[in-house]
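The values are calculated or read from the model by the stated rules, or taken from the named source; none is laboratory data. Keep in mind the model is a prediction, meaning the values are calculated, not measured. As a convention, Cβ positions derive from the backbone with ideal geometry for all residues, glycine included, and neighbour counts pool all protein chains shown. In case anyone asks, the SASA skips ligands and DNA or RNA and just uses the protein heavy atoms, side chains included. Shrake-Rupley method; radii C 1.70, N 1.55, O 1.52, S 1.80 Å.
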Protein chains: 2
Amino acid sequence: MRITALSGGIGGARFLRGLLQAVSPDDEVTVIGNTADDIWLFGLKISPDLDTIMYTLGGGIDDERGWGRDDEGWRAREELAAYGAQPTWFGLGDRDLATHVVRTQLLTAGQSLSEVTQALCRRWDVGVRLLPMSDDPIETHIVIDDPEVASGQRVVHFQEYWVGMRASVPVRGVVVVGQAQATPAPGVVEALLDADVVLVPPSNPIVSIGTITGVEGIGAALRTTQAPVVGVSPIIGRHAVRGMAEQLLAGLGIEISAAGVAAHHGARPAGILDGWLVEESDADQVPLIAELGIRARAVPLLMTDETTTCAMACAALDLAAGLRA
Amino acid sequence: MRITALSGGIGGARFLRGLLQAVSPDDEVTVIGNTADDIWLFGLKISPDLDTIMYTLGGGIDDERGWGRDDEGWRAREELAAYGAQPTWFGLGDRDLATHVVRTQLLTAGQSLSEVTQALCRRWDVGVRLLPMSDDPIETHIVIDDPEVASGQRVVHFQEYWVGMRASVPVRGVVVVGQAQATPAPGVVEALLDADVVLVPPSNPIVSIGTITGVEGIGAALRTTQAPVVGVSPIIGRHAVRGMAEQLLAGLGIEISAAGVAAHHGARPAGILDGWLVEESDADQVPLIAELGIRARAVPLLMTDETTTCAMACAALDLAAGLRA
């Protein structure tokens, strides 16, 4: 079976780790990773979501934080701060830094982000084919209030908003710089069109999934593939599983509920979903989601350990199998 | 008093640390640092001698090794090796790496090496004005035997010869790539012409001092400055204070003795020296050196601690004062 999954960072990566336990060795898993979180810092190209996926599936993640490397050190970061290098808010570990140095060196030598990602993944033995959504530069920026500028608003890079400001001020808008000009990376459209199942892990619908589906060609392939597309709600009850996302959704007028995010994604072919897993405790939303034209099922959704995550991935595959039948 | 010193890495930096204890607060010390050891690795610009000087005078050096940062970690290096990034022999510490990242970012932004060096030194409060010998790319390469290539010889970057191969094979020649096209960095010629004393610390005469004096304009300024030029022998008895240098000198036909190196540098104005400090135990060479036209004096030369190093710097200044009188 050919399974293709979209993925943001932490939530997507953990879901994928469970998925790899749920599939058989003959199954092929392709992951289309969000690159709109990417940022150049200190002259280095950083791809936070691709790295989180790579480290998580390759066994190098710091499981407690959910991002960055295990057995990490922070000496380089201390030194950068001592030199007055900006920004100081980015969590740049010494091991992680090496990944960015290698990536930057290969990109500077003329390789595409796809090629570089493949090269980095060889070391990590990730068990999936990891494709960046695009080789073109795409960067999410967040519009925030700023009474000190004439317009009353300014934009900050998503990383600055998320990591630097800890999503502490209201979101007035999202601008995905470069997205309109970007094309899907090699293999991305084929991975969606040739898939038996397409999965949308519990990732942020705006800045992780929305940035992927917003690339022309990727959204179209999702809408036209013969494969069923099944997603997993990142919202349980009235809260995002990872809290800061609520600020972002609220600021964009999206109802913070499993049904609210399903409505935002929409039913195919106008939207991107055929199926939607919601948490057991949100079972009352299943009929609401059905009214959208999306088949929903309520199952336990907390990814507390690999066994529960695997069961969740199985439920997604099972829902997809029912949709394909 | 205006004191200008040439300097390579470890030996030069330690001498300078002693010199700063020997001078008064009104004295101005300018250091012209060797940049021919510089190398691009992993897409980063590394200036080993400038860094050794900066870390030593700024209190950040690992005193036992003589190079690199104190409280250093090696996580990034482990990761680079895990990715298969070449070379693996370079001693790239996590703290040190941050210096190279900042340097590279500033160079890429269009600053000259002089400007970048000044910016880095602001953090370190080095107590001297540190100037790279040139803002132009200069890289020392070593000719070695290689029976596997048609010519029987190949060249390796000095860092590869010194660090990677630990100077373990004979030197057949030295090629200072870029030197013929290079010009002195801003302020270098003026620092020599306007100096009251010029000092040549106990650094390698070929790959540290020779690469500096080989830049057109620097050699000329050394030969014409009104200031006395006093050097310190890097050879004690028949051995280089830092052992690997012997290989390099032997390969180039330079006699391994205080007098041998004095003869290599030569007396001004054809050469670069007016005075030369040799170790007490080499006092018998003083008349030989005098025959070259260089005034020599025998004093204790081991830089075992800052007190002995300070005394050595005082002896150099004293010899210079005698030459100026």
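Once the Cβ-Cβ distance between A:Asp145 and A:Thr304 is put in as r, and R0 is 35 Å, what FRET efficiency do you end up with, to the nearest 0.05?
Values: r = 37 Å, r/R0 = 1.06.
Rounded to the nearest 0.05, the efficiency is 0.40.
Evaluate peptide A:39-49: per residue, the Cβ atoms of other protein chains within 10 Å of its Cβ; return the mean as an integer.
Details: counts 0, 1, 2, 5, 11, 5, 0, 0, 0, 0, 0.
Averaged over the peptide's residues, the number is 2.
For region B:1-154, what percent of Cα pairs sit more than 22 Å apart?
Value for region B:1-154 (Cα pairs over 22 Å): 45 percent.
Give the residue list of GluC sites (Glu not before Pro) in region B:199-276 that are DSSP loop and have at most 16 other beta-carbon atoms within 10 angstrom. Before the final figure, lay out each step's value.
Numbers: sites: B:Glu216, B:Glu246, B:Glu255; in loops: B:Glu216, B:Glu255.
Here the sparse-neighbourhood loop sites are B:Glu216, B:Glu255.
Can you pull out the chymotrypsin sites (Phe, Trp or Tyr not before Pro) in region A:3-53 whose DSSP state is coil and whose Cβ has at most 15 other Cβ atoms within 10 Å?
Values: sites: A:Phe15, A:Trp40, A:Phe42; in loops: A:Phe42.
Loop-located and lightly packed - none at all.
Across the residues of A:106-119, average count of Cβ atoms on other protein chains within 10 Å? Can you show the working numbers first?
Values: counts 3, 1, 2, 1, 0, 0, 0, 0, 0, 0, 0, 0, 0, 2.
For this peptide, the per-residue mean of nearby foreign Cβ atoms is 1.
Please name whichever of A:Val207, A:Ile142, A:Pro287 sits farthest to the positive end of the charge dipole of region A:142-295, dipole taken about the Cα centre and charges placed at Cβ: Lys and Arg +1, Asp and Glu -1.
A:Ile142
Give me the accessible area of B:Leu80, 1.4 Å probe, in Å² rounded to the nearest 10.
Approximately 10 Å² for this residue.
Just grab the label-to-label distance for B:Glu291 and A:Val156, each label 7 Å out from Cα along the Cβ direction, in nm (one decimal).
Once both label points are built, they end up 7.5 nm from each other.
Which of these, A:Val261, A:Val128, A:Val177, has the largest mean-square fluctuation under a Gaussian network model of chain A (Cα springs below 10 Å)?
With Cα springs under 10 Å in chain A, the top fluctuation among A:Val261, A:Val128, A:Val177 is at A:Val177.
When N counts the residues of region B:24-92, how does its alpha-carbon radius of gyration compare numerically with 2.2 N^0.38 Å, as a ratio? Show your work: numbers first, answer last.
On the way: Rg = 14.8 Å, N = 69, 2.2 N^0.38 = 11.0 Å.
Cα Rg divided by the expected 2.2 N^0.38 Å: 1.35.
Just checking the output field for B:142-151: average partner chain Cβ neighbours within 10 Å of each residue's Cβ?
Numbers: counts 0, 0, 0, 0, 0, 0, 0, 0, 0, 0.
Average neighbour count from other chains, rounded to a whole number: 0.
Heavy atoms only, probe 1.4 angstrom, no DNA, RNA or ligands counted: give me B:Arg65, A:Arg223, B:Arg95 ranked by accessible area, highest first. Walk me through the numbers on the way to the answer.
On the way: B:Arg65 65, A:Arg223 90, B:Arg95 15 Å².
Ranked from most to least accessible, the order is A:Arg223, B:Arg65, B:Arg95.
Report the per residue volume, in Å³, of the convex hull enclosing the C-alpha atoms of region B:112-249. The partial results should precede the final answer.
Values: hull volume 19.4 nm³, N = 138.
Measuring per residue, one finds 140 Å³ for the Cα hull of region B:112-249.
Counting helices only, and only those DSSP H runs with n ≥ 4, report the 222 nm mean residue ellipticity of chain A as the sum of -39,500 (n - 2.57) divided by its residues, in deg cm²/dmol to the nearest 500. Could you put the intermediate results ahead of the total?
Values: 11 runs with 112 residues, N = 325.
About -10000 deg cm²/dmol.
Give me the percent of DSSP beta bridges within the protein assembly as shown that run antiparallel, rounded to the nearest 5. Kindly include the intermediate steps, with their values, before the conclusion.
On the way: 33 of 83 bridges.
Counting only bridges with both partners in the protein assembly as shown, antiparallel ones make up about 40 percent.
Can you work out the base-10 log of I(q)/I(0) for chain A at q = 0.06, 0.11 1/Å, using the Debye formula on its C-alpha atoms alone?
Log10 of I(q)/I(0), two decimals: -0.19, -0.66.
Once the cut-off is 14 Å, how many percent of the Cα-Cα pairs in region B:284-325 end up in the long-distance tail? Please list the in-between numbers first.
Details: 473 of 861 pairs.
Counting pairs separated by more than 14 Å, the tail of P(r) holds 55 percent.
If you count, for each residue, the other Cβ atoms within 10 Å and average over each peptide, how do A:103-109, A:199-205 line up from highest to lowest?
Highest-to-lowest ranking by the protection proxy: A:199-205, A:103-109.
Determine the order of B:Thr307, A:Thr308 by accessible area, beginning with the largest, at a probe radius of 1.4 Å.
Values: B:Thr307 105, A:Thr308 50 Å².
Ranked list, largest accessible area first: B:Thr307, A:Thr308.
Compute the relative contact order of chain B as a whole-number percentage, counting only Cα pairs closer than 8 Å that sit 6 or more residues apart in sequence.
Values: 667 pairs, mean separation 62.2, N = 325.
Answer for chain B is 19 percent.
Quick check: the angle from helix B:306-324's long axis to the longest principal axis of chain B, C-alpha only, nearest 10 degrees?
50 degrees
Loop only per DSSP, at most 13 neighbouring Cβ atoms within 10 Å: give me the GluC sites (Glu not before Pro) in region A:34-130, ordered by residue number. Mind dumping the intermediate values first?
Details: sites: A:Glu64, A:Glu72, A:Glu78, A:Glu79, A:Glu115; in loops: A:Glu64, A:Glu72.
Listed in order of number, the matching sites are A:Glu64.
Which of A:Leu252, A:Leu57, A:Leu130 moves the most in a Gaussian network model of chain A with Cα springs under 10 Å?
Of A:Leu252, A:Leu57, A:Leu130, the Gaussian network model singles out A:Leu252 as fluctuating most.
Could you sort A:Leu249, A:Leu317 by their accessible area in this structure, using a 1.4 Å probe and putting the largest first? Before the final figure, lay out each step's value.
Values: A:Leu249 0, A:Leu317 25 Å².
Output order, biggest surface exposure first: A:Leu317, A:Leu249.
Report the gain in length on full extension from B:Asp71 to B:Ala283: 0.36 nm times residue separation, minus Cα-Cα distance, nm rounded to one decimal.
Numbers: separation 212, 0.36 × 212 = 76.32 nm, distance 4.04 nm.
Full extension from B:Asp71 to B:Ala283 adds 72.3 nm.
Among DSSP bridges having both ends in chain B, what percentage is antiparallel? Round to the nearest 5.
Details: 16 of 41 bridges.
Given both bridge residues lie in chain B, the antiparallel proportion sits at roughly 40 percent.
Accessible area per residue for the protein assembly as shown in Å², computed with a 1.4 Å probe and the full protein assembly in place, what is it? Working shown, then result.
Details: 25130 Å² over 650 residues.
Value for the protein assembly as shown: 39 Å² per residue.
For chains B and A, what's the summed buried accessible area, probe 1.4 Å, to the nearest 100 square angstrom?
Numbers: alone 13730 and 13740 Å², together 25130 Å².
Counting both chains, the buried surface is close to 2400 Å².
Considering only DSSP beta bridges whose two residues both sit in region A:1-77, what percent are antiparallel, to the nearest 5?
Working: 4 of 10 bridges.
In region A:1-77, approximately 40 percent of DSSP beta bridges are antiparallel ones.
Considering only protein heavy atoms and a probe of 1.4 Å, how much of the accessible area of chain A is carbon and sulfur, as a whole percent? List each step's numbers first, then the result.
Values: 6370 of 12570 Å².
The computed percentage sits at 51.
Given axes a ≥ b ≥ c from the Cα gyration tensor, I'd like to know whether the protein assembly as shown is rounded (a/c under 1.5), prolate (a/b larger than b/c) or oblate. Write out the running numbers ahead of the final one.
Values: a/c = 3.35, a/b = 2.63, b/c = 1.27.
Prolate is the answer for the protein assembly as shown, as a/c is 1.5 or above and a/b outweighs b/c.
How many nm separate the modelled label positions at B:Gln86 and A:Asp63, each set 7 Å beyond the Cα in the direction of the Cβ?
Between B:Gln86 and A:Asp63, the simple spin-label model gives 3.7 nm.
Percent of Cα-Cα pairs per 5 Å bin, from 0 to the last occupied bin, for region B:172-288, please list those.
Going out from 0 Å in 5 Å bins, region B:172-288 shows 2, 11, 21, 22, 20, 13, 8, 2, 0 percent.
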